[in-house]
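Report on the following structure.
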Amino acid sequence: MDIVRVLDELGGAARRTELLLAGVPERSLRRSVLDGRVKKLGHGTYSLPWAAPEVAIAKLFRASLGCVTACEHWGLPVWEDHGLPHLVVPWGRSSSRRDPRERTRAVLHRTSAPFPSALWVPVAQAIDQAGWCTTPVGQLVLVDAALHSGVLMPGDLAQFEVRGARRRAWLRRMASGAAESPLETVARAAFVTAGLSVKEQVIVPGVGRVDLVVEDTVAVELDGWEFHRSRDAFERDRTRDRLMLTRNLPVMRFTARDLRSDPQAILAQVAEVAEVVSGPVRRDTARRLAWVFGLGR
């Protein structure tokens, strides 16, 4: 059995026992390392030279790739930067004999839940595990994107167990498959948390669809730069904005940088415009917004 083919089928890296069970002879392991076709990583782990680093480190730890790393693998947008690969191992598995330097190459999560045999944790379980490392709004971004793409069903949220009752109830209440981008999820979370009414993907006659309408008085558009960097897109947006004003619906546009740097400022600006148009609106922000966005943590 060709070791390169077996390693490729196993994701690019494998432990010695896996390779032997797949029919790779012991002498082939040694020969493949000597001729450079395969790298020996230590602790009985082998990889192809081009194997993804996170796969190799997962095999070293006899772990599955989970949490935010698995979410990225399944094509979900991760709102917050997490750097190192996130691995999942069962409670009770010791890593004390490993070189301490290895433990700086990954974030290791231990779980008492049924341990997956696959390299990658399934998508619903990965989103649940992401609660270990994300803010509430960061986890909501994953939930909304998964609902929108159909890889998660609303009923799956009832099976979440990693975080406490408050986080789980908030996710069930806020989850929406209508959101078409992380920006929409984050902005909606800020507005709803502050007590403002929000409608998603609203059709405005003669104009088209807008991302969010807040308090029935302000349209909020959140498309990223990639959607608006051409001259045609720039001009089309300005035409839409003028048409919206003729319908007494002013437009406010925000970027990803705006949302990442100061969601409180965006909230204040939108609420101020809503008050100018329709009168006082409820604004209940500081403590709840701090929890949702992990401010000051």
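The values are calculated or read from the model by the stated rules, or taken from the named source; none is laboratory data. Keep in mind the model is a prediction, meaning the values are calculated, not measured. Positions of Cβ are generated from backbone atoms using ideal geometry, with glycine treated the same way; all protein chains shown enter the neighbour counts.
Restricting the stretch 137-187 to residues that are buried (at least 20 other Cβ atoms within 10 Å of the Cβ) and of a type in the set (D, E, K, R), the residue that is nearest to the chain's Cα centre (by Cα) is D144. Scanning the stretch 237-255 for residues that are surrounded by fewer than 16 Cβ atoms within 10 Å (Cβ to Cβ) and within 20 Å of F293 (Cα to Cα) yields one hit, T255.
When the stretch 60-85 is limited to residues that are touching a strand residue (DSSP E or B) at 6+ places or on another chain (Cβ under 7 Å) and closer than 18 Å to V141 by Cα, the one that is surrounded by the fewest Cβ atoms within 10 Å (Cβ to Cβ) turns out to be H73.
A Cβ distance below 9 Å, combined with a sequence gap of six or more or placement on separate chains, defines the contacts here; from the stretch 139-153, residues that are at negative phi and touching a residue at least 60 places away in the same chain (Cβ under 8 Å) reach residues that are surrounded by fewer than 24 Cβ atoms within 10 Å (Cβ to Cβ) and acidic (D, E) in the pairs V141/E80; A146/D156.
Per the listing A187, A124, A165, A145, the residue uniquely out of contact with any strand residue (DSSP E or B) (no Cβ under 9 Å at 6 or more places or on another chain), within 30 Å of L249 (Cβ to Cβ) and of a type in the set (G, A, S) is A145. A single entry from A165, A146, A175, A158 fulfils the requirement of being touching a Cys at 6+ places or on another chain (Cβ under 9 Å), among the aliphatic types (A, V, I, L, M) and at pLDDT 95 or above: A146.
G206 passes every criterion in (1) small (G, A, S); (2) at pLDDT below 95; (3) closer than 30 Å to R253 by Cα; (4) not assigned by TED's automatic domain parsing to the domain that holds R247 apart from (4).
Being among the aliphatic types (A, V, I, L, M), in contact with a helix residue (DSSP H, G or I) (Cβ under 9 Å, 6 or more places away or on another chain) and free of Cβ contacts under 8 Å to residues at least 24 places away in the same chain is the requirement here; does V6 meet it? Reasoning before the result, please.
Working: among the aliphatic types (A, V, I, L, M): yes; in contact with a helix residue (DSSP H, G or I) (Cβ under 9 Å, 6 or more places away or on another chain): yes; free of Cβ contacts under 8 Å to residues at least 24 places away in the same chain: yes.
Criteria met by V6.
Here is a list of conditions, (1) at pLDDT 95 or above; (2) part of a strand (DSSP E or B), and H109 meets all of them except one; can you say which number that is? Among (1) at pLDDT 95 or above; (2) part of a strand (DSSP E or B), H109 violates only (1).
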